[in-house]
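Heads up, the thing below is written out as C-alpha cells.
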Amino acid sequence: MRLIVDGKPTEINADPEMPLLWALRDIAGKTGPKFGCGIAMCGACTVHVGGSPVRSCSLPLGQVDGEVLTIEGLAREGKLHPVQQAWLEEQVAQCGYCQAGQIMSAVALLDQVADPTDEDIDAAMSGNLCRCGTYPKIRTAIKKAAALKTAGI
C-alpha cells in the first residue's frame with residue numbers, strides 16, 4: 001500500500017486491518033502520534049487524513065483515504081506551524097505525551113475557524129485528554145496561534 005505521509009510517498013507493507021497508528025510508528029518511523037487508549041477516546045494518536053483529524057489508533061490502513069499528516073510534517077522549510085510556535089511560547093507541555101494529538105486537533109480547528117471562541121475551542125478539543133491538566137494553557141495557545149496565523153507568522 002502506498003501512502004503520502006507528511007508530503008512524501010511511503011510504502012507500507014502491512015495487513016489492511018492494521019491500525020494506521022502502528023503503520024506510522026513501526027513502519028514509517030513517525031513517532032509523534034502516541035498510543036494512549038487504543039479505542040479513539042484520548043486523542044494522543046490524532047493525525048490528519050485528507051485534511052481532517054482522525055484517531056489513528058482505530059483507523060485501519062485499508063480505510064485510509066487521502067494524505068496523512070503527522071506532527072512531524074507540520075513545520076515547513078524550517079519554520080514551525082503557528083500552533084507549534086504558540087505552544088512553545090505559552091509553555092503548554094508538561095509531560096508532553098498528549099501534545100502531538102492536541103496540536104493536530106488545534107491545527108484542524110484553526111483550518112476551519114480563523115478566530116475561535118472558547119466554545120469553539122472546547123468543542124474541537126473535547127476529545128483530547130491531558131493528564132497534566134494544561135487546558136487553560138492550551139486555550140491560550142490556540143488563541144495566540146489564531147492571531148499568529150492571521151498575521152501570517
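Of the beta bridges in the stretch 2-73, as assigned by DSSP with both residues counted there, near 90 percent are antiparallel.
Farthest toward the dipole's positive end in the stretch 82-150, which of A147, Q94, A106, given Cβ charges of +1 (Lys, Arg) and -1 (Asp, Glu) about the Cα centre? Sorting the options by dipole projection puts first Q94.
Just the number, please: percent antiparallel of the DSSP beta bridges in the chain, rounded to the nearest 5. Percent antiparallel among DSSP bridges in the chain is about 90. Between C132 and T117, the modelled label-to-label distance comes to 3.0 nm, taking each label 7 Å out from Cα in the direction of the beta carbon. Of all complete DSSP H helices in the chain, those with a Cα span along the helix axis of 15 Å or greater and a mean Kyte-Doolittle hydropathy of -1.0 or more are 99-112, 135-150.
Using the charge dipole of the chain (Lys, Arg: +1 at Cβ; Asp, Glu: -1 at Cβ; taken about the Cα centre), state which of M1, T134, A14 has its Cα farthest towards the positive end. Of the listed residues, the answer is T134. Element breakdown for the chain at a 1.4 angstrom probe: carbon and sulfur atoms account for 52% of the accessible area. Over the chain, dividing the summed -39,500 (n - 2.57) contributions of all DSSP H runs of at least 4 residues by the number of residues returns a 222 nm mean residue ellipticity of -9000 deg cm²/dmol. Using the average count of surrounding beta-carbon atoms within 10 Å as a protection proxy, the listed peptides 120-131, 20-31 rank, highest first, as 20-31, 120-131.
Applying a threshold of 24 Å to the alpha-carbon distances of K8/K143; K30/K149; K30/K143; K8/K34; K30/K144 flags K8/K143; K30/K149; K30/K143; K30/K144 as lying beyond it. Separation of the stretch 39-91 from the stretch 107-153 is 14 Å, based on Cα centroids. The label-point distance for E11 and Q91, in a model that sets each label 7 Å from Cα toward Cβ, rounds to 4.7 nm.
The values are calculated or read from the model by the stated rules, or taken from the named source; none is laboratory data. All values reported here derive from a predicted model rather than from experimental measurement. Using ideal geometry, Cβ is built from the backbone for each residue, glycine included, and neighbour counts are taken over all protein chains shown. Quick note on the areas: whole protein, heavy atoms, side chains included, nothing else; ligands and nucleic acids left out. Shrake-Rupley method; radii C 1.70, N 1.55, O 1.52, S 1.80 Å.
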